[in-house]
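Participant: To start, I am sharing the structure in question, which I have written as structure tokens.
The values are calculated or read from the model by the stated rules, or taken from the named source; none is laboratory data. All figures in this text were calculated on a predicted structure; none of them were measured in a lab. Note that each Cβ is placed from the backbone with ideal geometry, even for glycine, and that neighbours are counted across all protein chains shown. The protein model used for the area step is the full one, side chains on, heavy atoms only, and it has no ligands, DNA or RNA in it. Shrake-Rupley method; radii C 1.70, N 1.55, O 1.52, S 1.80 Å.
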There are 2 protein chains.
Amino acid sequence: MQKLKERIRREGKVLPGGIIKIDGFLNHRVDTALMGEIADEFAKYFDVSKITMVLTAEASGIALATVCASRYGVPMVFAKKAKSDNIEGGLYQSDIFSYTYKKKVTLLVAQDWISDSDRVLIVDDFMANGEAMRGLLDIVAKSGAQLAGIGVAVEKGFQHGGDRLREAGYDLHSLAIIESAEDGVITFRGDQ
Amino acid sequence: MQKLKERIRREGKVLPGGIIKIDGFLNHRVDTALMGEIADEFAKYFDVSKITMVLTAEASGIALATVCASRYGVPMVFAKKAKSDNIEGGLYQSDIFSYTYKKKVTLLVAQDWISDSDRVLIVDDFMANGEAMRGLLDIVAKSGAQLAGIGVAVEKGFQHGGDRLREAGYDLHSLAIIESAEDGVITFRGDQ
């Protein structure tokens, strides 16, 4: 998605450790109009007329997933993050490692809100190592729901979470894949 | 807002300790169409044509705030929650007590995304003791931004966070104020 790549090039800041800060439009201050265009872009790739829900993980995925769900006319469900070993009944849960917080966290979705009659589009704003995505996929599998696909706005290609999912056969569509971010220069996969 | 009250009456579960669970449409599984109607309801009360941003706190406020910001044509900013004593530069921050997590948390907004030229509508899905709201108001005050008002979907009137804000002169508009939730019966303020 050309417009998204241009925003990343123009406004993205490359920090030490391969951290790419695009919090001016994606995950702290959210450009809601751009989220609408991203939602429309996913709808060109996935058949959103057949989905029953959009699933994401808290917190920063919620904004994009809400705009998507709103445009596709379905509910949005977000997996909650809990400290590990906090086990309750009636929940699908999956343990992931959070690179942001440097600790294990558990993603939780109430069994009331996802079931084997659902057809789920997973949406996230950002994917790096793909740990949160692994947890969401685990929850979808546990629930017996069908997976319609995975839409990601910005993927950090050089951390290979997305590549692992593609190799495993998942239908993952990322709108901007950052191949490298060295010396402050951001390069996208597929660009010359 | 009659429709919201009906949903709360029909789907809300009253748990011990005055906890009201409405996670089937508000804060786990989100009914995006209802969020749109709530956004339109706020727009009848507040002059949203003059605001420059919608502000909320992560995580569950993000969905409603995103729909509001999208309809009003402005960006949505969410305050991030961090562990206390994690002080960084370039941030407005406010310490609040989280009754959910039974500990102090810090709300953070980057100084890049709120300033004295902003006119801010604060939106949240739920208000009980009003601690998160106190933190958001503190951040708006520190930034020098103008406050356009506070829109809340569901207020727990019997915990009086909203009453304290009204007494302090804030323009708070809640669409459903739960006055009591005893023996499983939910009663709204203003109802006969």
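Participant: Just need a number here: residues in region B:2-22 that are closer than 23 Å to residue A:67 by Cα, modelled with pLDDT of 95 or more and open to solvent by less than 40 Å² (accessible area, probe 1.4 Å).
Facilitator: 2
Participant: Related question: Which number in (1) hydroxyl-bearing (Ser, Thr, Tyr); (2) assigned to a strand (DSSP E or B); (3) closer than 21 Å to residue B:28 by Cβ; (4) in contact (Cβ under 8 Å) with a residue 40 or more places away in the chain marks the one condition that residue A:174 misses?
Facilitator: So residue A:174 meets the others, but not (3).
Participant: Any residue that is over 15 Å from the mean Cα position of the chain (by Cα), more than 13 Å from chain B (Cβ to nearest Cβ) and open to solvent by 10 Å² or more (accessible area, probe 1.4 Å) - is there at least one of those in region A:23-38?
Facilitator: no
Participant: Name, by its number, the condition in (1) among the small types (Gly, Ala, Ser); (2) in contact (Cβ under 8 Å) with a residue 24 or more places away in the chain; (3) open to solvent by 70 Å² or more (accessible area, probe 1.4 Å) that does not hold for residue B:79.
Facilitator: Failing condition for residue B:79: (3).
Participant: In addition: Quick check on region B:140-155: of everything there that is crowded, with 20+ Cβ neighbours inside 10 Å and in a strand (DSSP E or B), which residue is farthest from the chain's Cα centre (by Cα)?
Facilitator: Only one residue tops the list, namely B:148.
Participant: Please specify each residue of region B:3-30 satisfying the condition of being part of a loop (DSSP other than H, G, I, E, B), touching a Lys or Arg at 6+ places or on another chain (Cβ under 8 Å) and of a type outside the set (Phe, Trp, Tyr).
Facilitator: B:12, B:18, B:22, B:23, B:28
Participant: In region A:31-53, which residues are of a type in the set (Asp, Glu) and either assigned to a loop (DSSP other than H, G, I, E, B) or free of Cβ contacts under 8 Å to residues at least 60 places away in the same chain (or both)?
Facilitator: To start, the set of residues in region A:31-53 that are of a type in the set (Asp, Glu) comprises A:31, A:37, A:40-41, A:47.
Passing the criteria: A:31, A:37, A:40, A:47.
Participant: Name every residue in region B:106-136 that is of a type in the set (A, V, I, L, M), open to solvent by 10 Å² or more (accessible area, probe 1.4 Å) and not in a strand (DSSP E or B), in order of residue number.
Facilitator: Correct list: B:128, B:132.
Participant: If I ask for residues that are facing chain B (nearest Cβ under 7 Å) and in contact (Cβ under 8 Å) with a residue 40 or more places away in the chain, which ones from region A:54-64 would you list?
Facilitator: A:63
Participant: Scan region B:39-53 and tell me whether some residue there is open to solvent by less than 40 Å² (accessible area, probe 1.4 Å), within 12 Å of chain A (Cβ to nearest Cβ) and modelled with pLDDT of 95 or more.
Facilitator: yes
Participant: Okay, moving on. Identify, by number, the condition in (1) open to solvent by 30 Å² or more (accessible area, probe 1.4 Å); (2) out of contact with any strand residue (DSSP E or B) (no Cβ under 7 Å at 6 or more places or on another chain) that residue B:187 doesn't meet.
Facilitator: (2) is the only condition that residue B:187 fails.
Participant: Would you check if there is a residue in region A:54-65 being loosely packed, with under 15 Cβ neighbours inside 10 Å and either over 16 Å from the mean Cα position of the chain (by Cα) or among the hydroxyl-bearing types (Ser, Thr, Tyr) (or both)?
Facilitator: no
Participant: Determine whether residue A:128 is under 16 Å from residue A:96 (Cβ atoms), of a type in the set (A, V, I, L, M) and at pLDDT below 95.
Facilitator: So residue A:128 passes the test.
Participant: Could you tell me which of the residues A:158, A:78 is outside any loop (DSSP other than H, G, I, E, B), aromatic (Phe, Trp, Tyr) and away from chain B (no Cβ under 13 Å)?
Facilitator: A:158
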